[in-house]
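Below: one structure, written as structure tokens.
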Amino acid sequence: MKASDVVSVLGRHGDIMTKVYDRINKHHKKPLHKGQIQLARDYFVRGMRIIMSQWGRSSGKTESALFVACVASLLNDNFLTYIITPERKQGKEIYCASRRLQDYAPQEYVKDFNITEQRLVFKNHSFICVDGCENYNAHRGLKPNLVIYDEFQNHNREFHLEVMAPNLLAKQSSLMIFGTPPKQRSAYYVEFREQLLKQIKEGDVTRAYYEFPTSINPTIDEAELAKTRKELIDSGNDVIWQREYEGKLAFGGEDVVFPKWNPVNHVRTHKVVMSFLEPDKHHLKWYTICDPGASSCFGVLFAAHNPYTQQVFMLDEIYEKDRMRTDTKSIWNRIKKKQAELFPGASPRAWKVIYDEQAAWFQREIAANFKEGVIPSMKQKHDREDEISRIKMLMANHGSLIVSDRCYWLRWEIESFITDELGRYPDKNNHLLDCFVYLMQYCNWKLLEKADNDVVEVQSPEVKANNLDPNDWADTVVEDSLWRRPDDIYSEYF
């Protein structure tokens, strides 16, 4: 490109940005705050491929999405941007019916707006289209330059993996994600976020992740926000405050079944858990609990119970959904391997193996092929509500429940176990929770005032004495503090 052409482009870009900021400041009267500036800099200056931001309510995420979409469209000819919400109608209400999309950019650059297609077209042949992720077939084969997911907490897993992710490869396009934290751990949002944080941890500089609370928006009434915080915390709804206003990943609320579950209190690294068991391992009761499901999910939970301190240790799990690997022989071989790893040199009778009594085929196949016996559960003899209540008591008693970080799917099921609008327990995603119930039936757990031995904490001398890395336990339960990027508010807009 000739020097004169470069000057011309820079001049045009400068003119566009001047008019964009003039419209933001004078027409919308919502200058960019520091969080919005950070996201814009990551996209326009650093060229990030995936930028995920987790927001509290009314913190400016929609304005941030509009700013990036409009500026990218104005600065680049023939630039194709898609804003995807969970449902097309929802996108229409957020962006089009409110005229936030049509009115955001300087009007002299706008050519047309098609309400049927929900598409804003610029004079340089760029456009911004708002659609829903339920519209699978309409998005296959697209070649966008920029994709923005809004309200990502309710997005569809298959839409991203099977439709949009392949579309992003053609032009090495960027993906920007905006959302309030989901209420349930089963949301695809959680899986995507964990994968992204892992990539950032491993050094991928093309990814970025942020969390922005409601208070980052300078137009928010601070006094009213403080009143809301006090009301929620005083009423025991601190989880709602954390999720909806602080922009933190916090599962729970009024309809959560296990309100006392807290990964920070209950989860430790596998090394820490096993080092805690080592002195008393020959006095513990060891359990393998199975929820057989050859055609759906085969869940197995490995646990230990200290009958003297009434502490329950969740050590490991099997959560197999691949039907090619849910046959009895494959599962049994994996069970034996894990038992040997968790309790090396144990006698054959050390482990009690319990199974769902309704899966009689599992017991028959174990007896026929391995000449071993397994114990049926007692769920027909116990009230489910009583067993759920005992698990709640176990969680509430400090130091009584210790869960290894290997038990990812157990945690996932606990945090996803939320009653429906009629107060009924969910009848899915409960394979390891059923195993938990069977364990409570057999171990005869009793409530003590306090467990005799406290769970070792992260920085305790006991952990260091065992030559364990004190930071090793810091998995997803504390990743927010480890991997959040600092806000850079002293640079230019981007």
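The values are calculated or read from the model by the stated rules, or taken from the named source; none is laboratory data. Given the structure is predicted, the values throughout are model-derived calculations rather than measurements. Quick reminder, even Gly has a Cβ in these numbers, built from the backbone with ideal geometry, and neighbours come from all protein chains shown.
Could you list all residues from segment 210-241 that are assigned to a helix (DSSP H, G or I), more than 30 Å from residue 258 (Cβ to Cβ) and in contact (Cβ under 8 Å) with a residue 12 or more places away in the chain? If the condition is that a residue be assigned to a helix (DSSP H, G or I), more than 30 Å from residue 258 (Cβ to Cβ) and in contact (Cβ under 8 Å) with a residue 12 or more places away in the chain, then 216 is the only one that fits.
Going through segment 358-374 one residue at a time, which ones are of a type outside the set (S, T, N, Q), surrounded by fewer than 16 Cβ atoms within 10 Å (Cβ to Cβ) and outside any helix (DSSP H, G or I)? Answer for segment 358-374, where residues must be of a type outside the set (S, T, N, Q), surrounded by fewer than 16 Cβ atoms within 10 Å (Cβ to Cβ) and outside any helix (DSSP H, G or I): 371, 372, 373. The number of residues in segment 82-127 that are aliphatic (A, V, I, L, M) and either within 32 Å of the chain's Cα centre (by Cα) or over 21 Å from residue 16 (Cα atoms) (or both) comes to 6.
Candidates are the residues of segment 320-340 that are touching a strand residue (DSSP E or B) at 6+ places or on another chain (Cβ under 8 Å) and closer than 14 Å to residue 288 by Cβ; the one that is surrounded by the fewest Cβ atoms within 10 Å (Cβ to Cβ) is 334. Check whether at least one residue in segment 236-257 is buried (at least 18 other Cβ atoms within 10 Å of the Cβ), among the basic types (Lys, Arg) and assigned by the TED database to the domain that holds residue 184, and report yes or no. Within segment 236-257 (the criterion being buried (at least 18 other Cβ atoms within 10 Å of the Cβ), among the basic types (Lys, Arg) and assigned by the TED database to the domain that holds residue 184), the answer is no, since none of the residues qualifies.
When you look at residue 331, is it within 20 Å of residue 286 (Cβ to Cβ) and in contact (Cβ under 8 Å) with a residue 12 or more places away in the chain, yes or no? Yes. Of 214, 228, all but one fail to be surrounded by fewer than 18 Cβ atoms within 10 Å (Cβ to Cβ) and not small (Gly, Ala, Ser); the exception is 228.
Let's see how each residue does on (1) under 23 Å from residue 182 (Cα atoms); (2) touching a residue at least 12 places away in the same chain (Cβ under 8 Å); (3) part of a loop (DSSP other than H, G, I, E, B); (4) in the same structural domain as residue 199 (by the TED database):
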{"site": "24", "(1), (2), (3), (4)": "no, yes, no, yes"}
{"site": "27", "(1), (2), (3), (4)": "no, yes, no, yes"}
{"site": "30", "(1), (2), (3), (4)": "no, yes, yes, yes"}
{"site": "37", "(1), (2), (3), (4)": "no, yes, no, yes"}
{"site": "41", "(1), (2), (3), (4)": "no, yes, no, yes"}
{"site": "52", "(1), (2), (3), (4)": "yes, yes, no, yes"}
{"site": "65", "(1), (2), (3), (4)": "yes, yes, no, yes"}
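Scoring residue 313 on the criteria (1) under 26 Å from the mean Cα position of the chain (by Cα); (2) at pLDDT below 95 leaves a single failure, condition (2). Selection of segment 267-276 for residues being surrounded by fewer than 21 Cβ atoms within 10 Å (Cβ to Cβ) and touching a strand residue (DSSP E or B) at 6+ places or on another chain (Cβ under 6 Å) yields only 270.
Quick check: anything in segment 377-393 under 17 Å from residue 302 (Cβ atoms), charged (D, E, K, R), assigned to a loop (DSSP other than H, G, I, E, B) and in contact (Cβ under 8 Å) with a residue 40 or more places away in the chain? No - not one qualifying residue is present in segment 377-393. Residue 197 meets each of the listed conditions (1) crowded, with 18+ Cβ neighbours inside 10 Å; (2) not in a helix (DSSP H, G or I) apart from (2).
Residues of segment 165-180 include at least one that is assigned to a loop (DSSP other than H, G, I, E, B) and under 14 Å from the mean Cα position of the chain (by Cα).
With the requirement that a residue be touching a strand residue (DSSP E or B) at 6+ places or on another chain (Cβ under 7 Å) and surrounded by 20 or more Cβ atoms within 10 Å (Cβ to Cβ), what does segment 154-174 give you? Residues satisfying the conditions are 155, 164, 168, 174.
Among the residues of segment 133-140, is any surrounded by 13 or more Cβ atoms within 10 Å (Cβ to Cβ) and closer than 22 Å to residue 27 by Cβ? Scanning segment 133-140, I find no residue that is surrounded by 13 or more Cβ atoms within 10 Å (Cβ to Cβ) and closer than 22 Å to residue 27 by Cβ, so the answer is no. The set of residues in segment 78-134 that are assigned to a loop (DSSP other than H, G, I, E, B) and in contact (Cβ under 8 Å) with a residue 40 or more places away in the chain comprises 78, 79, 86, 87, 105, 106, 124, 125, 126, 133, 134.
For segment 7-65, what are the residues that are among the polar types (S, T, N, Q) and either modelled with pLDDT of 90 or more or in contact with a Lys or Arg (Cβ under 6 Å, 6 or more places away or on another chain) (or both)?
18, 36, 38, 53, 54, 58, 59, 62, 64
If only residues of segment 285-310 that are at pLDDT 95 or above and of a type in the set (A, V, I, L, M) are counted, the one that is farthest from residue 430 (Cα to Cα) is 304.
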